[in-house]
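J.: The structure's right below; bear with me while I get my questions together.
The values are calculated or read from the model by the stated rules, or taken from the named source; none is laboratory data. Because the structure is a prediction, the values reported are computed rather than measured. Cβ atoms come from the backbone with ideal geometry, glycine included; neighbour counts cover every protein chain shown.
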Amino acid sequence: MDKIYRENILFHYKNPQNTEKIQKPTHSSRVANYSCGDETEIELKVVNGIVKSVSHQTRGCAISVAGASILSEFIEGKEIEEIKKIDKEKVIELMGIEVTPSRLKCALLGFESLKKALGSKL
Amino acid sequence: MLKNKKMTNLQNIKKEFPIFSNYPKLVYLDNAATTQKPKQVLDALNDFYTKSNANVHRGIHKLSELATEKYEEARKNVAEFISASPEEIIFTGGTTDGLNALANSLNRSQEIFGKHPSHANKNLQILSSDIEHHSNLLPWTRLANKSNIFFAGVDKNYQIDLNELEEIKRKHRIDIVAITMMSNVTGTITPIEKIRELFPDSILIVDAAQAIAHMPIDVKKLDVDFLVFSGHKIYGPTGIGVLFGKRELLEELEPIKVGGGMISEVYKDKSVWADVPEKHEAGTPPIAQAIGLSEALHFMKKAGFKNIQKHEDELRAYAVKAFNQIPEIELYHPDLSTQAGAVISFNIKRIHGHDTAQVLADQDIAVRAGHHCAQIFHREVLEVAGSVRASLAIYNKPADIDKLIKGIKMLYISSIIRTNIRYKY
């Protein structure tokens, strides 16, 4: 239990960061994991190639909510080009836990949504 | 014949499953997904490959004759198990394989329905239910267009609502009834005889994937036209399934596959099929798996359905009563007074199913979380995204339930992964 439900994961699960909707987002996406009904919606406001603000609404298990929350904190204020370089391994590293194969989808739900949002332009 | 007491004593049956020697702490409650395998099944597989391995049929050499003999013996044994004749048993890859093949083949065999007095056009009309596993749902939704498939709802005990069935019957001609015999989410048992009474002229197809390991099935008594199940859910190997069909229907049905071993004459412009059952078994069949399944059925016979049902029903009652003691549990299981299989699905309020399953897994308790391939049932009946499922089998004991309940209580009391989110659609 300690391996996956570390304190920072539980903190983000109970207090997900960046959940307030942003005004006039430039990018957005919604991704669901139908195998468990989890869902996340991400919105970005990008100005001059920099993520000025980010918001996510994630409904799901501890791992998916924490994953999206931690990722949202990490990308805020960063350049789009830099964000595009984030890969799966980086997300897991940011979460700081051992993710078993069956939970990888949970951990990467926010990341999948972010990738989709970056491809969208409102 | 004197009954060997030890043989029917399920208390010791766990010892016959090598997985539990390898993982002594394992609490395996994922039996609706697949069961563990007894040593005698594993030995039968090994025996076949080391002593009888060859392809079946038409081989003149000794090994081929031996393999054929064993394969046909397996067919005979399967037939006996469900009170069918050997030629009514088609070996498939599993339940999903059997149902897909059947749906496709029925669609190509419309003359079967032409005999139906009210079958006026070529659009097959199908009756299904809200509690089906996707494997007994998608082959039919793909076959029928939206206006030709009807879904019966369930009552508060998750049992298929017979009143709704009657209403559907009044309004529509039904060519095919495709229905589960036991739910893989709630353990609810469908009264097949009543459905047959309601639809005497329809083709009645029964998904017995869950039922097969938990109750005796007599296809003659039930008067079903087709019945499918998998080997791996009844202590047999994966990759083997059974499609039972009434002989005259199997004879009329277009071959479910074509290829080697299923013809008597082949020409460039036409072919003459072999007799049933070979007609439906193109290609090299799952020979070792069929033999393994047959051995699993020997194992079942030795244990005896009377003992199995008593054992599993006692365990089910024990578990349900324990669950009912926990106010935070939302249980999706029929009343104990209703006959049902030992499949118990639940959610813990304000804890996501994946988190529950993960924490239990860390205590060597294997349960399943998700929609269990029954999205419609979860979305439209339970109105939740998913559930946690504990499904029991012959080797489970009250101590397994105790560990599960202890794990759940710990999870709740510690409250570490509780949230305020309610996972409703």
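J.: So which strands (runs of 3 or more DSSP E) are wholly in segment B:120-217 and hold at least 2 residues that are of a type outside the set (V, I, T) and either outside the structural domain of B:D313 (by TED's automatic domain parsing) or modelled with pLDDT of 95 or more (or both)? Can you show your working first?
T.: Numbers: elements: B:126-129, B:149-152, B:176-180, B:203-207.
The strands (runs of 3 or more DSSP E) meeting that bar are B:126-129, B:149-152, B:203-207.
J.: Could you list all residues from segment B:59-87 that are in contact (Cβ under 8 Å) with a residue 40 or more places away in the chain and part of a loop (DSSP other than H, G, I, E, B)?
T.: B:I82, B:S83, B:A84, B:S85
The rows are residues; the columns are (1) over 30 Å from B:T141 (Cβ atoms); (2) at pLDDT 95 or above; (3) more than 10 Å from chain A (Cβ to nearest Cβ); (4) assigned to a loop (DSSP other than H, G, I, E, B).
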{"position": "B:R379", "(1), (2), (3), (4)": "no, no, no, no"}
{"position": "B:R389", "(1), (2), (3), (4)": "no, yes, yes, no"}
{"position": "B:I394", "(1), (2), (3), (4)": "yes, yes, yes, yes"}
{"position": "B:A399", "(1), (2), (3), (4)": "yes, yes, yes, no"}
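J.: Name the residue that is surrounded by the most Cβ atoms within 10 Å (Cβ to Cβ), counting only residues in segment B:119-177 that are without any contact (Cβ under 8 Å) to a residue 24 or more places away in the chain, farther than 23 Å from B:L331 by Cα and among the charged types (D, E, K, R).
T.: So, considering only residues that are without any contact (Cβ under 8 Å) to a residue 24 or more places away in the chain, farther than 23 Å from B:L331 by Cα and among the charged types (D, E, K, R), the one surrounded by the most Cβ atoms within 10 Å (Cβ to Cβ) is B:E164.
J.: Going through A:A117, A:A66, A:A62 one at a time, which residue ends up being touching a Pro at 6+ places or on another chain (Cβ under 9 Å), within 11 Å of chain B (Cβ to nearest Cβ), closer than 29 Å to B:Q375 by Cβ and not acidic (D, E)?
T.: A:A66
J.: Residues of segment B:323-336 being of a type in the set (F, W, Y) and under 25 Å from the mean Cα position of the chain (by Cα), which ones?
T.: Scanning segment B:323-336 gives a single hit, B:Y332.
J.: Which residues, taken from segment A:43-80, are surrounded by fewer than 24 Cβ atoms within 10 Å (Cβ to Cβ) and either out of contact with any strand residue (DSSP E or B) (no Cβ under 8 Å at 6 or more places or on another chain) or at positive phi (or both)?
T.: If the condition is that a residue be surrounded by fewer than 24 Cβ atoms within 10 Å (Cβ to Cβ) and either out of contact with any strand residue (DSSP E or B) (no Cβ under 8 Å at 6 or more places or on another chain) or at positive phi (or both), then A:V47, A:N48, A:G49, A:I70, A:E73, A:F74, A:G77 are the ones that fit.
J.: What number of residues in segment A:61-70 are within 12 Å of the chain's Cα centre (by Cα) and over 16 Å from A:E20 (Cβ atoms)?
T.: 5
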